[in-house]
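Chemist: Would you mind keeping the following structure in view while I ask a few things?
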Amino acid sequence: MPELPEVETVARQLSARVEGRVIRRLTILDDLLRRETPPPLAGAVISSVFRAGKQVIFELTHDRRPQWWLAVHLRMTGRLLVHENPRVSIPHLRARFRLDQGSLLFVDTRRFGTFGWRERHEDILPNAVEPLSRRLTPRRFRQLIGNSRSPIKTWLLRQDRLVGLGNIYASEILHEAHIAPQRHACDLDDEEIANLTRATKKILRRAIRNCGTTFSDFQDADGVEGSYQNYLFVYGRDGEGCRRCDGTIEREVQQQRSTFYCRRCQH
DNA sequence: ACGCAGACCTGTACGC
DNA sequence: TGCGTACAGGTCTGCG
């Protein structure tokens, strides 16, 4: 489910609510979350919560020294919720962190979500370029693309170059940039790359301001819904009119995933 | 290097 | 009501 703006929203909410809390006990209820063995956690302090790519990172400290970073990847349906009642049981609850006050819950219908335990900060997301960082200039964007002949929509989903974009925002960004999703990445000219860079930052910032997009599964840590779905220009709108020109939004499958675009104003 | 199929899971929507 | 199919915000592996 969640892409960069949704994960950013969750991380901000959790940062306000669980930073400084002490972990009393971790209970893992789904064996799929045990692919990496959790370290002993009792007494660890959640000293910081932040986003890296599409992951929520919890910095865990013992005696004021960071010892582990827990990287939670929500994948399609993962949610992190804070609940005052530590005994609460809700459907698809996969893990519970019992805190000195309340609980942090990991809920995940489809069970694709993962927990990763890192001993070094550098191991969280090596080589990643964050799209909202100042490092992402048109020049850097061009470098990242190199001579890739992938369709640009497909390229935007690669997490080994640029992190955080997913299926919704890739379509929205290309529409904002007036670029057709089928274009070979390496064929984009300088003006198009500049537009793409601008569109990427603009769309992501606007989505973060609106706490992300809500579909059936996404809720932030307080159970509050995002509102960006009211701003979608193309995603999920096939057959409907383009909000920018007289065209009609079409759906096309690329790499087994839906892409939405307007062939009238995206070239 | 790339595209493609299938896998991992569970749920919902829709046609018959 | 029930059954089959398609589809879902993500990512990995194997094959050609």
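Chemist: Averaging the inverse of every distinct alpha carbon separation and then flipping it gives the Kirkwood radius. What is it for the range A:138-262, in angstrom units?
Modeler: In the range A:138-262 this quantity evaluates to 15.1 Å.
Chemist: To make sure I understand the rule: partners must be aspartates and glutamates, Cα under 17 Å from the Cα of A:LYS153, and not fewer than 8 residues away in the same chain. Which ones qualify?
Modeler: Reachable aspartates and glutamates: A:GLU3, A:GLU172, A:GLU176, A:ASP187, A:ASP189, A:GLU192, A:ASP238, A:GLU250, A:GLU252.
Chemist: Would you work out if the range A:4-123 is rounded, prolate or oblate? Take a ≥ b ≥ c from the square roots of the eigenvalues of the alpha-carbon gyration tensor; rounded if a/c is under 1.5, else prolate when a/b is larger than b/c, oblate otherwise.
Modeler: Rounded, because the longest to shortest axis ratio a/c is under 1.5.
Chemist: Please compute the modelled spin-label separation between A:THR61 and A:ARG134, points set 7 Å along Cα→Cβ, answer in nm with one decimal.
Modeler: 2.6 nm
Chemist: A further question on this structure: As an exercise, take the mean of 1/r over every pair of distinct alpha carbons in chain A, invert it, and state the Kirkwood radius in angstroms.
Modeler: Result for chain A stands at 19.6 Å.
Chemist: Another question, then. What percent antiparallel are the DSSP beta bridges of chain A, to the nearest 5? Write out the running numbers ahead of the final one.
Modeler: Values: 45 of 46 bridges.
For chain A, the DSSP antiparallel bridge percentage is about 100.
Chemist: Further question: When the helix-only estimate is applied to chain A (DSSP H runs of n ≥ 4, each -39,500 (n - 2.57), divided by the residue count), what is the mean residue ellipticity at 222 nm, nearest 500 deg cm²/dmol? It would help to have the intermediate numbers written out before the result.
Modeler: Working: 5 runs with 58 residues, N = 267.
Taken over chain A, the calculation gives -6500 deg cm²/dmol.
Chemist: How far, in nm, would the chain grow between A:SER227 and A:ASP31 when pulled straight, counting 0.36 nm per residue and subtracting the alpha carbon separation? Don't skip to the end; give the middle numbers.
Modeler: Details: separation 196, 0.36 × 196 = 70.56 nm, distance 3.38 nm.
Contour length minus Cα-Cα distance gives 67.2 nm.
Chemist: Determine, from the Cβ-Cβ distance of A:ASN85 and A:TRP117 and an R0 of 25 Å, the FRET efficiency 1/(1 + (r/R0)^6), rounded to the nearest 0.05.
Modeler: Working from the Cβ atoms, E equals 0.40.
Chemist: With no other cysteine's Cβ closer than 4.7 Å, which Cys residues of chain A count as lacking a disulfide-compatible partner?
Modeler: A:CYS186, A:CYS211
Chemist: When the expected Rg is taken as 2.2 N^0.38 Å, what fraction or multiple of it is the alpha-carbon Rg of the range A:125-183?
Modeler: 1.06
Chemist: Provide the gained length on full extension for the span A:THR109 to A:MET76, in nm with one decimal, where the gain is 0.36 nm per separating residue minus the Cα-Cα distance. If you can, show how the numbers build up before the last one.
Modeler: On the way: separation 33, 0.36 × 33 = 11.88 nm, distance 0.87 nm.
Between A:THR109 and A:MET76, full extension yields an extra 11.0 nm.
Chemist: What are the lysines whose alpha-carbon lies under 16 Å from the alpha-carbon of A:LYS54, with same-chain residues fewer than 8 places away excluded?
Modeler: A:LYS201
Chemist: Related question: Only bridges with both residues in the range A:138-262 count here: give the DSSP antiparallel percent, nearest 5. Intermediate results must be reported in sequence, preceding the final value.
Modeler: On the way: 8 of 8 bridges.
Bridges in the range A:138-262 that DSSP calls antiparallel: roughly 100 percent.
Every number here is computed from the coordinates shown, using simple stated rules; none is lab data. For clarity, every value in this text was computed on a predicted model and none was experimentally measured. Note that each Cβ is placed from the backbone with ideal geometry, even for glycine, and that neighbours are counted across all protein chains shown.
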